[in-house]
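What follows is one structure encoded as structure tokens, with my remarks underneath.
Only the coordinates and a few stated rules stand behind these numbers; no lab work does. Fair warning: this is a prediction, and the values are worked out from it, not measured in the lab. In this analysis, Cβ positions are derived from the backbone assuming ideal geometry, glycine residues included, and neighbour counts consider all displayed protein chains.
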Amino acid sequence: MVKIQDVAKDSGCSISTVSRVLNNPDIVNPETRERVLNSVRKLGYYPNEKAKSLSSKKQSLSLGLLIPDITTFYFGELYRGISRTAKNANIDLLLRDLDHEGPLQERILDGMISLKKLGVSGIIISSRLITEEYEEVINRLRIPVVLVLSEHIKSKFSSFKTDDIKASFDAISYLVSRGHKNIGMISSSPSEDKLVGEPRFRGFKNAIDFYNLTFNPGQIAYGDNIRYEGGYHAMEQLLENRSETNISAVFAATDEMAIGAMRCIYDNNLRVPNDISIIGFDNLSISNMVTPKLTTVSQSFEEIGVESVKYLIKILEEPKAQIENGVFYMPHHIVERESVLSFV
């Protein structure tokens, strides 16, 4: 009698990979799937339906997800992609929210260790720049780690994210195409926030230089964070300097900052977009609910989540395969709504 182990040996794949081909073929890459199916046909293998539930439990995988703050608006879309892909692959998902007391680095390290103790097969870390300080612990855990909306400072660990520099450049290009020449930016400090503030400022400045636009330090303002409050206070600074800068449009590093800026403009008896245009970054669901509706750069949060899980599955099911490592940029695009005035 042909067993699943025989199919695994003949196809050169793991038993769990063979099981997924038979139960969830869509999540296995086509080349591997065809190799397994060829072995199934050649050997005449027929799964034992009675034993399937027992064997699936024995071979089940689980993934851990570390989120610095579960209350962020983007989390729902990112989690939908991760959880749907894991569920389709019969993979358990353990969520660890890091929004509690103590230094963030310690919280992330403690989170990874606790997930390892719970027996996860791989870990997804979201929204934090991973520096060399994390490497020793990650290497000691001996399980694969993938980053989402983040990256390792030396690209040692694979990550799935938006190209922040290019996307920010494209946001300014959009404003220029609508006739804006004096453009401001609100963000977190580039020197303190290497994950969001620094690359998005670089994209902004690259575009300013490329289009030979007027620039002075008064066109940039930094908030204490990249959320609503940070956007509001940063916009207050830009309005104080507006008589000198004469800005007609503002690029916000996040949608939350953009919405905070819009409220600040309203509180100062000005209007968006008639007096000042605003473009955000994220395309959160809330950006379509505010008035006026926010024009923004759309990140593929759900796709980022999907691809990160698929990547971990491939590593876990084909441990000997040569799998590409690095930063994988997901598509972005401008979503045009109502918050940018056109002069052309």
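Quick look at the numbers
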item: Fully extended contour minus Cα-Cα distance, from Ile286 to Glu324, at 0.36 nm per residue; result: 10.1 nm
item: Mean Cβ neighbour count within 10 Å, used as a protection proxy, ranking 170-176, 123-129, 79-85 highest first; result: 123-129, 170-176, 79-85
item: Cα long-axis angle, helix 75-88 against the chain (0 to 90 degrees, to the nearest 10); result: 10
item: Relative contact order for the chain, counting Cα pairs under 8 Å that sit 6 or more residues apart, in percent; result: 17
item: Simple Cβ-charge dipole of segment 251-340, Lys/Arg +1 and Asp/Glu -1, about Cα centre, in debye nearest 20; result: 80
item: Projected area averaged over orientations for segment 210-303, convex hull of C-alpha atoms, nm²; result: 6.7
item: Charge tally in the Cβ shell below 14 Å around Val40, where Lys, Arg are +1 and Asp, Glu are -1, Val40 excluded; result: +4
item: Cross-link table Lys42/Lys87; Lys42/Lys314; Lys156/Lys310; Lys161/Lys314; Lys9/Lys161, entries beyond 27 Å C-alpha to C-alpha; result: Lys42/Lys87; Lys9/Lys161
item: Under-21-angstrom lysine pairs by C-alpha in segment 164-299, whenever the two are 8 or more apart or on separate chains; result: 5
item: Given charges at Cβ of Lys, Arg, Asp, Glu: the chain dipole, positive-most of Leu147, Pro30, Asn269; result: Pro30
item: Packing rank of 240-246, 225-231, 319-325, where each peptide gets the mean count of other beta carbons within 10 Å, highest leading; result: 225-231, 240-246, 319-325
item: Label assignment, Cα Rg over 2.2 N^0.38 Å derived from the structure, set (1) 1.17; (2) 1.03; (3) 1.65; result: (1)
